[in-house]
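Inspection log for the structure reproduced underneath, given as structure tokens.
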Amino acid sequence: MRFDTLRHDDLSRRGFLRATTAALGCTGLTAIGLRGDDSRKRPRVAAIFTVMTYRSHAHVILENFLEPYLFNGKRTDPGVDVVSLYADQTQEGDMLRATAREYGIPIYETIDAALCLGGKQLAVDGVMSIGEHGNYPTNQLGQREYPRKRFFDEIVAVMRRSGRFVPLFNDKHLSYRWDWAKEMYDTTQELGIPFMAGTSVALAQRRPPLELEPGTEFEEAVVVHGGPLESYDFHGLEVLQSMIESRKGGETGVSLVEFLDRGALWSAAQKGRWSVDLAEAAMAAQFGGKLPSLVRFDLSERSGEPHGLRVTYKDGLKALVLRIGNDSTRWNFACRLKGESRIHATSFYVGPWQNRCLFKGLSHAIQHHFVHRRAPYPVERTLLVTGILEAAMRARAKKGEKRLDTPHLEFDYAPRDFRDLREMGATWKIITESTPQPRGIDRLGR
């Protein structure tokens with residue numbers, strides 16, 4: 001049942017998009033896979049999310065579906081229409097009703113109704129499931145229990161009943177539980193649901209530029225971030241996978257995951273179990289020069305307890321995701337290749353407005369997924385990262401040695417070249433660090 005239908009008249013969002021689509025040739029607006037100017041062929045999308053407040057994931061993803069946006073310096077039409085909204089919660093400062101009213105999009109009481117537009121059968125061509133932010137419990141492992149599996153189950157139930165299976169995007173990792181994540185993946189494979197998930201960070205500009213070609217042989221890799229436990233470790237792991245998954249022999253999965261707290265972290269470094277020089281090179285890429293030692297850096301940024309997730313891959317590769325300092329925009333990578341002494345390092349630049357602009361690239365990739373019915377990079381990447389992260393949190397909770405064998409994560413997958421979906425930096429010549437951040441929906445793409 002729909003409880004809030006809010007529509008514009010001739011100045012509605014749909015009218016605006018039809019006009020801009022028809023005028024693509026003279027406006028310089030880039031379209032996502034549109035065929036001619038027939039707006040009826042634009043996929044219709046349902047947006048299912050936990051909550052929509054300022055800078056929540058629902059806000060910073062949806063704004064790039066409601067308005068043209070800048071991607072690689074070009075004004076880009078979303079190529080799809082958001083036709084329904086479902087919010088699991090509302091909070092003080094909620095943007096939901098104002099956004100729905102402005103863009104003429106109905107809000108529904110249930111996920112079922114949002115997917116069926118108030119009817120009985122699936123009435124959309126794609127579904128976004130954004131299970132991030134909101135008031136949800138944290139379990140004893142320190143994981144926020146976002147309802148991504150519940151969202152998934154309700155979405156798939158509508159598809160099953162309707163006998164039609166449309167592209168689905170799941171924001172961030174699949175679930176805080178491995179068995180649920182694996183069930184989600186297996187269900188999409190069984191039913192033929194085009195499934196996409198994951199982070200925005202892997203799509204960011206790399207400064208300095210760093211391209212590692214397929215077949216690269218790695219000696220060791222390190223990712224450094226400066227954010228909270230678990231929620232930012234996820235992004236760090238996806239950045240890691242995005243850089244190493246196309247290595248020689250392909251991805252073979254993970255055999256062992258360890259959680260290193262501050263004491264264990266520095267002890268492991270002294271024993272040579274991870275390379276401090278790689279982490280320092282990763283940090284130098286962020287700051288553009290040589291930094292003091294990580295230990296001194298750790299002590300100077302006291303507002304962040306360091307930790308590490310040490311990952312041993314089935315093929316023998318060792319990698320570390322390191323949290324150090326207190327910087328939510330810190331996403332750095334470094335590696336050493338076999339047979340080379342040189343370190344390769346880069347920093348993933350998020351653009352102005354903290355991490356908000358990252359979602360322009362992610363939104364572009366989601367739209368590509370909806371239009372072409374194929375994820376631009378493998379969902380198995382996020383499945384593996386989901387399992388690594390859950391194993392790390394379980395290892396952290398253990399008494400004694402905080403390590404966990406992970407034979408269930410020893411699986412292969414084939415990488416895809418996703419360079420066309422990455423931001424290469426042209427947008428930041430238009431949106432600069434001095435550009436004021438919009439308080440509501442970003443309309444700079446107009």
Problem - Those residues of the range 345-370 which are crowded, with 24+ Cβ neighbours inside 10 Å and either modelled with pLDDT under 95 or in a loop (DSSP other than H, G, I, E, B) (or both), in sequence order - result: G351, C357
Exercise for the section: Among the numbered conditions (1) over 26 Å from V379 (Cβ atoms); (2) surrounded by fewer than 23 Cβ atoms within 10 Å (Cβ to Cβ), tell me where I105 comes up short. Expected result: (2)
Problem - Spans of helices (runs of 4 or more DSSP H) in the range 9-119 with at least 2 residues modelled with pLDDT of 95 or more and in the same structural domain as L168 (by TED's automatic domain parsing) - result: 57-66, 96-103, 111-116
Exercise for the section: Confirm whether A197 is assigned to a helix (DSSP H, G or I) and either among the β-branched types (V, I, T) or modelled with pLDDT of 95 or more (or both). Expected result: no
Fill in the blank from the handout: Checked the range 286-315 for anything over 16 Å from L389 (Cα atoms) and either at pLDDT below 70 or aliphatic (A, V, I, L, M) (or both); matches are L291, P292, L294, V295, R296, F297, D298, L299, S300, E301, R302, S303
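Every residue, every condition in (1) of a type in the set (D, E, K, R); (2) within 24 Å of P228 (Cα to Cα); (3) touching a Ser or Thr at 6+ places or on another chain (Cβ under 7 Å); (4) crowded, with 21+ Cβ neighbours inside 10 Å, yes or no:
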site	(1), (2), (3), (4)
A98	no, no, no, no
R101	yes, no, no, no
I111	no, no, no, yes
L122	no, no, yes, yes
Problem - Within the range 144-194, tally of residues that are without any contact (Cβ under 8 Å) to a residue 24 or more places away in the chain, closer than 26 Å to G118 by Cβ and assigned to a helix (DSSP H, G or I) - result: 2
Practice task
Specify the residue that is nearest to L70 (Cα to Cα); the eligible residues are those in the range 371-380 that are in a helix (DSSP H, G or I) and more than 12 Å from the chain's Cα centre (by Cα).
Solution key: V371
Practice task
Report yes if Y413 is hydroxyl-bearing (S, T, Y), touching an Asp or Glu at 6+ places or on another chain (Cβ under 7 Å) and not assigned by TED's automatic domain parsing to the domain that holds W178, otherwise no.
Solution key: yes
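In the range 383-409, what residues are outside any helix (DSSP H, G or I) and surrounded by 15 or more Cβ atoms within 10 Å (Cβ to Cβ)? Break it down stepwise before answering.
Applying the first criterion (outside any helix (DSSP H, G or I)) to the range 383-409 yields 398-406.
Passing the criteria: K402, R403, L404, T406.
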Problem - Residue tally, condition farther than 20 Å from D420 by Cα and either out of contact with any Gly (no Cβ under 8 Å at 6 or more places or on another chain) or not hydrophobic (A, V, I, L, M, F, W, C) (or both), over the range 357-385 - result: 1
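The values are calculated or read from the model by the stated rules, or taken from the named source; none is laboratory data. Here the structure is a predicted model, which is why all the values come from computation and not from measurement. Every residue, glycine among them, receives a Cβ derived from its backbone with ideal geometry; neighbour counts consider all protein chains shown.
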